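Everything on this sheet refers to the single structure shown next.
No lab work stands behind these numbers, since they all come straight from the coordinates. For clarity, every value in this text was computed on a predicted model and none was experimentally measured. Cβ sites come from the backbone with ideal geometry, for glycine too, and all protein chains shown count toward neighbours.
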Amino acid sequence: MTDTTAHRSLTLLGLGDMGTALARTWLAAGHSPTVWNRTPAKAGALAAEGAYVAATAADAVAANTLVVVCLLDDASVGAALDGIDLTGKDLVNLTTGTPGEARARAAWAAERGARYLDGGIMATPTMIGVPEAGGYVFYSGSRALFDSSRALLEVPTGSRFVGEDPGHAALHDVALLSAMWGMFAGISQAYALTEGEDIAPKDLAPLLSEWLGAMGFFVGNAAERLTSRDFTSGVVSNLAMQVAGSGTMLRTAEEQGVSAELITPYVDLLHRRLAADPAAHGGEDTTGAILLLKR
Ligand code: FVH
């Protein structure tokens, strides 16, 4: 379908895996998005499903007030929107970037007369349009824009508005992804340690899941200690013991012929916290070590 009219419900720039998944949910919900992609061939299937395909990014932006962007990175957003009139537009940027990039992009949009909302997608393309998958998007920036476009934005997946600082959606996104990567690193180490032994991965899997679930208490516990700056009350596994125990983890890796590269940075951090003042920090839990990460 070719876009010949001036106004549609929303425009979407970017038909990669995520953009295509987003577009399909709007189509399925009865909307008629105008879409554009740098490589036009990717729009073919969506055109057949009812999307309006714009020939240029400028045409796509001109078609609607609400312009959703889901491109590879911030540089591609700049490239796609370069020289396009954004006066009076509502720009929703679902491209993953840093908080600094989001703030700069918000200022850039304001200079061009557009309202700006940044989004950090906490979902894979297969989770889009599947409410029970639990995905959502962190949004930050213009509260007014979020409120006025919320119904459309929530068609693909849930939303969580996290403040008017445009960098905060990206900050929440990266904070959660960082925690996920730490967890992936630990799980990788566990499987590497047992690889080649008479311990099947499928037998270790439920034990790992159960243990990680039990240790999930650390999330809330650390939040309370960071807020109160009380790292010692009610500690059951103190830092001095943890540091001593870390040697066992490193020696076990050595015995198993497994690199300890994924865990040594954290072990080193705990050592530094303890060494700074053993009498003061030995009775803490591990939360106090977080303070050493802040430059
Ligand atoms: N896919 C995922 O699992 C994650 C889930 C969490 C959120 N991310 C972020 O979403 C953004 C888009 O990701 P994607 O999966 O759609 O990525 P691709 O399939 O690689 O598509 C990239 C699109 O960006 C276009 N593009 C790249 N460079 C430019 C440019 N210079 N000018 C214009 N468009 C550009 C690309 O166009 P083409 O290669 O098809 O011509 C695609 O449309 C991303 O920020 C993830 O981090 C996804």
Fewest-first sequence of S32, S178 by Cβ atoms within 10 Å of each Cβ: S178, S32
Alpha-carbon centroids, segment 75-117 and segment 139-208: separation in whole Å: 24
Cβ-based net charge around A260, under 13 Å, with every Lys or Arg adding one and every Asp or Glu removing one: -3
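Counting Lys and Arg as +1 and Asp and Glu as -1, each charge on the Cβ, what is the dipole of segment 211-277 about the Cα centre in debye, to the nearest 20?
Working: 5 positive and 7 negative charges, 36 e Å.
The calculation lands at about 180 debye.
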Estimated dipole of the chain in Debye, rounded to 20 [Cβ of Lys and Arg +1, of Asp and Glu -1, Cα centre]: 760
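For the chain, which longest stretch is free of loop sites, where a loop site is one of the GluC sites (Glu not before Pro) that DSSP puts outside H, G, I, E and B and that has at most 10 other Cβ atoms within 10 Å? Walk me through the numbers on the way to the answer.
Numbers: sites that count: E197, E261.
Segment 1-196 is the longest.
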Calculated from backbone phi, Karplus (6.51, -1.76, 1.60) coupling profile of segment 192-209 in Hz, x at Gly/Pro: 5, 4, 9, 4, x, 8, 7, 10, 5, x, 5, 7, 6, 3, x, 5, 4, 4
Cleavage-rule hits (chymotrypsin sites (Phe, Trp or Tyr not before Pro)) in segment 153-259: DSSP loop, at most 14 neighbouring Cβ within 10 angstrom: none
Projected area, mean over directions - the chain, Cα convex hull, nm²: 19.1
Largest-first principal axis extents, alpha carbons of segment 1-149, Å: 37, 36, 27
